[in-house]
Amino acid sequence: MIPTQHVLILSAVLFTTGVLGVMLRRNVIVIFMSIELMLNAVNLSFVAFARALDSMTGIIFIFFIIVVAAAEAVVGLSIILSIYRNQKTLNVDEFNWLKW
Amino acid sequence: MLMLPELIVIAAGFIILLLDLFLAEEKKNILGTLAFAGLLIALGRTLFSFGQQGELFGGRFVVDSVAIWFKIIFLLAGMTTVALSWDRLTGKTTDIASRMKHRGEFYTILLFSTAGMMYLISSRDLVTLYISLELSTIPLFVLVAWDRDNPLCGEAGLKYVILGALSSAVLLYGLGILYGLSGSTDLATISQKITHSPALWLSVAMITAGIGFKLTLVPFHMWAADVYQGAPTPVTAHLSVASKAAGMAFIFLLFYRVLGGAFQEWNILFAVLATITMTLGNLVAIIQQNIKRFMAFSAISQAGYLIMGFLGPFPEGLPSMLFYLYAYIFTNLVVFAVIIFYANETGRENIDDYRGLSRTNPIIAGAMMLGLFSLAGIPPLSGFVGKFFLFSVASKAGFHWLVGVAAINSTISLYYYLRIVRQMYIEPTMEDATTLQISPMLAGTIAITTLGAVFFGIIPFFYETINQTVAASDWWSVITATAR
């Protein structure tokens, strides 16, 4: 059996990868993928905790997180779509009409 | 029927969504009336349930007086937003660009968001807390990006959805650690089981970052200015009051209920956050030209004052915070109602464009001036009384330096609020200026919110009522047990 610490470290690494992806990548779709990666890293940590604590609530929480992630993706992708119709670009560096 | 207000709001949302499919375009005015009526009935039902306490679903949904006070704020904010968006959605504005389409969906999404906020303050479990937070936030992403032909709107929506999803993921990681440390998702159990450990600090840091985003605490405020400017103005008004109140509700649940046992240490965290938030918000607001951006930074600095209510483990903190929240929503909505009125009629949104408003529309300019003075904290308006209570909480908690910083910040804020008053009263009128016609809906909103902003400060019984009803809830015993 894999020790809980190892799973938690993997989850932390995945989460950090997601954060770095959001900060460094320039394509909106890839940024959204990174956010999904962060949410899945959280799911992994919930699984690890639930197994270590032998409790079901953590597992149940994950179902809700998956649903919320899907809802967030729906809203996010439709906003991206409507922006793409107007601008014909998905590079975040070009979304800069709003500034000081 | 403890959950009745929430169910009414959700039912109204679904009814509007269905009716929207069948009604002819010219009959759709009834949708706005329905949305307003639904919120009004829910508000009546909430007011009627004062003094009741109870729980549903094995203690996962609890109604007490604190929850009721917060629910009234959310419902009032929702009703005001319906009123403020009325002219734009019915196409009665002089400025064609500021009209909004798809009103059926607009009201539905607004009502769902309101219901999410109402569930949020009643939650006593990490799962319901997270779900209701997302139910309140995800509809707001849609509302911000409402006008899909306007590139500014789309950009604001995109920034909001990316940063919002990022912050909710960070928050969720913090909640996960909390679950791992305590082995439970029930808030009461967590508060008994947690002990000081580095993992707890990591969890608190991540929760603070996630919720700091909603509250626009510096350094998590970067989205606010762009989103406030790009979003349709009624949505901006809704964001600046309802979303902020939801953030306060979340902080109250997590930091007062869960981490209350070890509260003394969080004081310094909140004091530092309050200091940098109000200072940066104020300093950047001075140089703004666009009035919506200006209000964004004003709202950031107000968030800095608001979290001063969380200093100290004694019972005065929460009533002061609630009172200021009420004063703040009324005052802020006065200013936004005037901004919406002016943009509806002229399409102008810059601070310079307000010059001479006192001569073309003296009553509206007077209401705006009262609102701005109340935000700056000039006696006897409600903003002053609210700040007085909050500052006394900070000083009672031993943060005298913070009171000094906050007083200096209030003075700075008076400078930039007076910039608008100067434009309205001293600068010459614009060449093409004529007296602008105000619609009955906006006139009523401005009148009611102005009365609220003025009388909350003058009538002392309001703070007393909050104090007494809050003292009767179970939250009180948690705090007094900690203080002893």
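Take the stretch A:72-100 and flag every residue that is facing chain B (nearest Cβ under 9 Å) and open to solvent by less than 40 Å² (accessible area, probe 1.4 Å).
A:Glu72, A:Ala73, A:Val75, A:Gly76, A:Ile79, A:Ile80, A:Ser82, A:Ile83, A:Val92, A:Phe95, A:Leu98
Being within 24 Å of the chain's Cα centre (by Cα) and of a type in the set (Ser, Thr, Tyr) narrows it down to one of B:Ser184, B:Ser168, so name that one.
Step by step, each of B:Ser184, B:Ser168 is checked, and only B:Ser168 is within 24 Å of the chain's Cα centre (by Cα) and of a type in the set (Ser, Thr, Tyr).
Of everything in the stretch B:365-380 that's over 22 Å from B:Asp353 (Cβ atoms) and within 19 Å of the chain's Cα centre (by Cα), which residue is most open to solvent (accessible area, probe 1.4 Å)?
It comes out as B:Gly377.
With a cut-off of at least 1 residues that are open to solvent by less than 10 Å² (accessible area, probe 1.4 Å) and within 20 Å of B:Ser243 (Cβ to Cβ), name the helices (runs of 4 or more DSSP H) lying wholly within the stretch B:273-361.
On the way: elements: B:291-306, B:317-346, B:357-360.
Counting at least 1 such residues, we get B:291-306, B:317-346.
Have a look at B:Ile68, B:Ile16, B:Ile41 and point out the one that is out of contact with any Ser or Thr (no Cβ under 8 Å at 6 or more places or on another chain) and either buried (at least 20 other Cβ atoms within 10 Å of the Cβ) or under 25 Å from B:Tyr328 (Cα atoms) (or both).
Going through B:Ile68, B:Ile16, B:Ile41 in turn, the sole match is B:Ile41.
Taking helices (runs of 4 or more DSSP H) that do not extend beyond the stretch B:117-221, which have at least 1 residues that are open to solvent by 30 Å² or more (accessible area, probe 1.4 Å) and facing chain A (nearest Cβ under 9 Å)?
B:126-144, B:151-182
Going by what's in this entry, would A:Ile29 be described as open to solvent by 10 Å² or more (accessible area, probe 1.4 Å), more than 10 Å from chain B (Cβ to nearest Cβ) and among the β-branched types (Val, Ile, Thr)?
Yes: the conditions hold for A:Ile29.
Look through B:Ile466, B:Ile412, B:Ile479 and report the one residue that is under 26 Å from the mean Cα position of the chain (by Cα), assigned to a helix (DSSP H, G or I) and modelled with pLDDT of 90 or more.
Sole residue among the options that is under 26 Å from the mean Cα position of the chain (by Cα), assigned to a helix (DSSP H, G or I) and modelled with pLDDT of 90 or more: B:Ile412.
Does the stretch B:390-397 contain any residue that is crowded, with 18+ Cβ neighbours inside 10 Å, under 29 Å from B:Thr81 (Cα atoms) and touching a residue at least 12 places away in the same chain (Cβ under 8 Å)?
yes
Scan the stretch B:248-257 and tell me whether some residue there is assigned to a loop (DSSP other than H, G, I, E, B) and open to solvent by 10 Å² or more (accessible area, probe 1.4 Å). Give the derivation first.
Filtering the stretch B:248-257 for residues assigned to a loop (DSSP other than H, G, I, E, B) gives none.
No, the stretch B:248-257 contains no residue that is assigned to a loop (DSSP other than H, G, I, E, B) and open to solvent by 10 Å² or more (accessible area, probe 1.4 Å).
Can you name every residue in the stretch B:420-448 that is open to solvent by less than 40 Å² (accessible area, probe 1.4 Å) and of a type outside the set (A, V, I, L, M)?
B:Gln423, B:Ser439, B:Gly444, B:Thr445
Taking the stretch B:72-116 only, how many residues are part of a loop (DSSP other than H, G, I, E, B) and either within 14 Å of chain A (Cβ to nearest Cβ) or closer than 30 Å to A:Phe61 by Cβ (or both)?
Residues flagged as part of a loop (DSSP other than H, G, I, E, B) and either within 14 Å of chain A (Cβ to nearest Cβ) or closer than 30 Å to A:Phe61 by Cβ (or both) within the stretch B:72-116 amount to 2.
Among the residues that make up the stretch B:419-437, is at least one of them under 21 Å from B:Gly377 (Cβ atoms) and under 22 Å from the mean Cα position of the chain (by Cα)?
No, that holds for no residue.
Suppose we keep only residues that are facing chain B (nearest Cβ under 7 Å) and touching a Gly at 6+ places or on another chain (Cβ under 7 Å) within the stretch A:32-64. Which one would you say is nearest to A:Val92 (Cα to Cα)?
If we take residues in the stretch A:32-64 being facing chain B (nearest Cβ under 7 Å) and touching a Gly at 6+ places or on another chain (Cβ under 7 Å), then A:Ile35 is nearest to A:Val92 (Cα to Cα).
Filter the stretch B:222-233 down to the residues that are closer than 18 Å to B:Leu166 by Cα, at the interface with chain A (Cβ under 10 Å from one of its Cβ atoms) and not aliphatic (A, V, I, L, M) and list them by number.
B:Asp226
Checking B:Lys92 against (1) open to solvent by 20 Å² or more (accessible area, probe 1.4 Å); (2) over 24 Å from B:Ala447 (Cβ atoms); (3) among the charged types (D, E, K, R), which test does it fail?
Single failed check for B:Lys92: (2).
The values are calculated or read from the model by the stated rules, or taken from the named source; none is laboratory data. Since this is a predicted model, take the numbers as computed values, not measurements. A quick note on method: Cβ atoms are made from the backbone with ideal geometry, for glycine too, and the neighbour counts reach across all protein chains shown. To get the accessible areas, we keep the full protein, side chains included, count just its heavy atoms, and leave off ligands, DNA and RNA. Shrake-Rupley method; radii C 1.70, N 1.55, O 1.52, S 1.80 Å.
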